[in-house]
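So the structure is just underneath, and the comments pick up after that.
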Amino acid sequence: MLFKDIVGQQHVKQRLIQTVKDNRIAHAQLFLGPEGSGNLALAIAYAQYINCANPTDSDSCGICPSCSKYQKLIHPDLHFVFPVATTKSITKEPVSDDFIKQWRALLLDNPYFNLLQWYECIDVENKQGIISKNESQEIIRKLNLKTFEADYKVVIIWMPERMNGVAANKLLKMLEEPPEKTLFLMITENTGMMLQTILSRTQLIKIQKIDSDNLLVYLKEHHNYPEQQLRDAVHLADGNFVKALQVLKSDEDNSFNLDRFVSLMRLCWTKDVLGLMQWCDSMIGIGRERQKNFMGYTLRMIRENFIMNCQVPELALLTEKESDFSSKFFPYINESNVYLMVEEINKAQYHIEANGSDKLIFLDMSLKLIKMIKK
Ligand SMILES: [Zn+2]
């Protein structure tokens, strides 16, 4: 991770670089910053900079042997600790290393993510991840190994507030008697749940939310959306890069869903069975998540259009594009079909979630909708 790849945060970057130049690198540091500020990315870039063989005034070289391993997050002296939970395949006392492949892939794809996105990535369903006592034993074991090749062994602990009591106390011991040339970089959004004794042994690096101008510049350079859409996303994100990406993604999903919904309704109204079969084909292969998302969207549109039909259009929550379509479409959703349609779509949604055959589910649903929409 290079500093230049991190959005904004010029001030913190300079401050971190200065600690290396002045040779006063604290052995335990706490990167405290709100979601989407880039606190994790900054910690990794800092660790890479410390171990870089040819750093410049403003960044790591990116090509020395240490950097090339850091760039892939596979440096043998770089260790990650993060909350984990049991999954379908890992059922007993999981530790971070059990999930290191997913962790690297997620980070390399985009180092801005929140806890929920991490849990989704490792598929722990609704469980809360923790950093367990086994994990602290793992850290001790790794730190007792001799340093492979770097100046510093680095342990990056993401969300240390998710440590259980035993793990936190073991960590405290390590912070009190730190092994030589070892750095603990902890990354959190909230110190409220951390042990005071740990906090008092770390140097605080406070990270602000990203400056909106920097965020906009970055998005313009890296994302191909119309300027106004990017400005809106920056406005809504309020310095949170995770949120900015979510807003852009949901715009994208929304326009995809609206487009698919409009064609589904048209094809049903015109009883175009061949067209419906092609429509079903277009829904296969978009992935379960987007299919589920579409079903939720369809239910919402049916509901909102029915509300319009009930003569209370001001209660309908629609975007401008959705309103355009619905202003002509709403008479078709009425008392004689709304419940049947909702029931049918609910049923399809249930089967999609249960991993049924998507092609059959969509086809079955559309053929039934043909009858209902004419009522
Ligand atoms: Zn380097």
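The values are calculated or read from the model by the stated rules, or taken from the named source; none is laboratory data. Please read all numbers here as calculations on a predicted model, not as lab measurements. Note that we place each Cβ from the backbone using ideal geometry, even for glycine, and neighbour counts take in every protein chain shown.
Here are a few things to note about the model shown:
- Residue ID - nearest to the ligand (Cβ to nearest atom), chosen from residues in segment 49-59 that are closer than 12 Å to Leu16 by Cα and outside any helix (DSSP H, G or I): Asp59
- Filtered residues of segment 56-72 (kept if in contact (Cβ under 8 Å) with a residue 40 or more places away in the chain and of a type outside the set (Ser, Thr, Tyr)): Asp57, Asp59, Gly62, Pro65, Gln71
- Residue count for segment 48-90, restricted to those that are of a type outside the set (A, V, I, L, M, F, W, C), modelled with pLDDT of 95 or more and in contact with a strand residue (DSSP E or B) (Cβ under 7 Å, 6 or more places away or on another chain): 3
- All positions within segment 349-367 that are assigned to a helix (DSSP H, G or I), farther than 15 Å from Cys268 by Cβ and modelled with pLDDT of 90 or more: Gln349, Tyr350, His351, Ile352, Asp358, Lys359, Leu360, Ile361
- Residues in segment 1-55 that are buried (at least 20 other Cβ atoms within 10 Å of the Cβ) and free of Cβ contacts under 8 Å to residues at least 24 places away in the same chain: Cys52 alone.
- Lone unmet requirement of (1) more than 16 Å from Met163 (Cβ to Cβ); (2) touching a Lys or Arg at 6+ places or on another chain (Cβ under 7 Å); (3) of a type in the set (Val, Ile, Thr) for Ile122: (2)
- The helices (runs of 4 or more DSSP H) located wholly in segment 267-345 that include 1 or more residues which are acidic (Asp, Glu) and more than 30 Å from the chain's Cα centre (by Cα) occupy 320-329.
- In segment 208-216 there is no residue that is crowded, with 19+ Cβ neighbours inside 10 Å and of a type in the set (Gly, Ala, Ser).
- Only one entry of Glu93, Glu138, Glu149 meets the criterion of being at pLDDT below 95, of a type outside the set (Phe, Trp, Tyr), within 16 Å of the ligand (Cβ to nearest atom) and more than 29 Å from Gln246 (Cβ to Cβ), and that entry is Glu149.
- Apart from one condition, His75 fits all of (1) surrounded by 16 or more Cβ atoms within 10 Å (Cβ to Cβ); (2) more than 16 Å from the ligand (Cβ to nearest atom); the exception is (2).
- Qualifying residues in segment 60-72 (those that are out of contact with any helix residue (DSSP H, G or I) (no Cβ under 6 Å at 6 or more places or on another chain) and outside any helix (DSSP H, G or I)) - the one farthest from the ligand (Cβ to nearest atom): Lys72
- Residue satisfying condition, being modelled with pLDDT of 95 or more, in contact with a Leu (Cβ under 6 Å, 6 or more places away or on another chain) and away from the ligand (no atom under 16 Å from the Cβ), within set Ala43, Ala105: Ala43
- Restricting segment 129-149 to residues that are in contact with a Leu (Cβ under 8 Å, 6 or more places away or on another chain) and not β-branched (Val, Ile, Thr), the residue that is surrounded by the fewest Cβ atoms within 10 Å (Cβ to Cβ): Gly129
- Unmet requirement for Pro34, which otherwise passes all of (1) closer than 25 Å to Asn144 by Cβ; (2) away from the ligand (no atom under 16 Å from the Cβ): (1)
- Count of segment 282-329 residues which are without any contact (Cβ under 8 Å) to a residue 60 or more places away in the chain and either on the phi > 0 side of the Ramachandran plot or not acidic (Asp, Glu) (or both): 33
- Applying the criterion of at least 2 residues that are under 22 Å from the mean Cα position of the chain (by Cα) to the helices (runs of 4 or more DSSP H) found wholly in segment 90-152 leaves 100-109, 115-122.
- Any hit, segment 161-172, residues being in contact (Cβ under 8 Å) with a residue 24 or more places away in the chain and of a type in the set (Val, Ile, Thr): yes
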